[in-house]
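Scroll down for the structure; my scribbles are underneath it.
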Amino acid sequence: AMAKNIKTAVLTTEPQMHCSGCENKVKNNLRFVKGIKQIETNLEKQNIVVTYDADKTTVQKLIKSLRKAGYTATEVKKK
């Protein structure tokens, strides 16, 4: 089998997540996106780290999924 095209995206949200309820809302929405491997939310850093299969989904799809949850997500460019 070929190695999967696994990538990691770091997103921030507007409005910001402010509780575990927000975090769960974000995770529950992203969970339905195909190709998601792992979702980590961090309230302190105000970011969402998503590990995904780039053959099955894109950052745009992640952002679109978060929009359904009421969040405007932006990808944090890696330095």
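With just the Cα atoms defining each centre, how far is the stretch 48-79 from the stretch 1-46? Give it in Å.
The stretch 48-79 and the stretch 1-46 have Cα centres separated by 7 Å.
If the cut-off is 17 Å between C-alpha atoms, which lysines fall inside it for residue 7, apart from same-chain ones fewer than 8 positions away?
In chain and number order, the partners are 34, 37, 56, 61, 77, 78, 79.
Quick one: helix 59-68 against the long Cα principal axis of the chain, what's the angle to the nearest 10°, folded into 0 to 90?
Taking the Cα atoms of the chain, the angle to 59-68 is about 40 degrees.
Counting only protein heavy atoms and a 1.4 Å probe, tell me what percentage of the chain's accessible area is made up of carbon and sulfur.
50
In the neighborhood of residue 60, defined by Cβ-to-Cβ distances under 12 Å, what is the net charge if each Lys or Arg adds +1 and each Asp or Glu adds -1?
+2
Against the empirical 2.2 N^0.38 Å scaling, what ratio does the C-alpha Rg of the chain come to?
1.04
Over the stretch 1-77, what is the mean sequence separation of C-alpha contacts under 8 Å (at least six apart), divided by residue count, expressed as relative contact order in percent?
44
The values are calculated or read from the model by the stated rules, or taken from the named source; none is laboratory data. Not measured: the values here are computed from a predicted model. Glycine gets a Cβ as well: all are built from the backbone with ideal geometry, and neighbour counts include every protein chain shown. The protein model used for the area step is the full one, side chains on, heavy atoms only, and it has no ligands, DNA or RNA in it. Shrake-Rupley method; radii C 1.70, N 1.55, O 1.52, S 1.80 Å.
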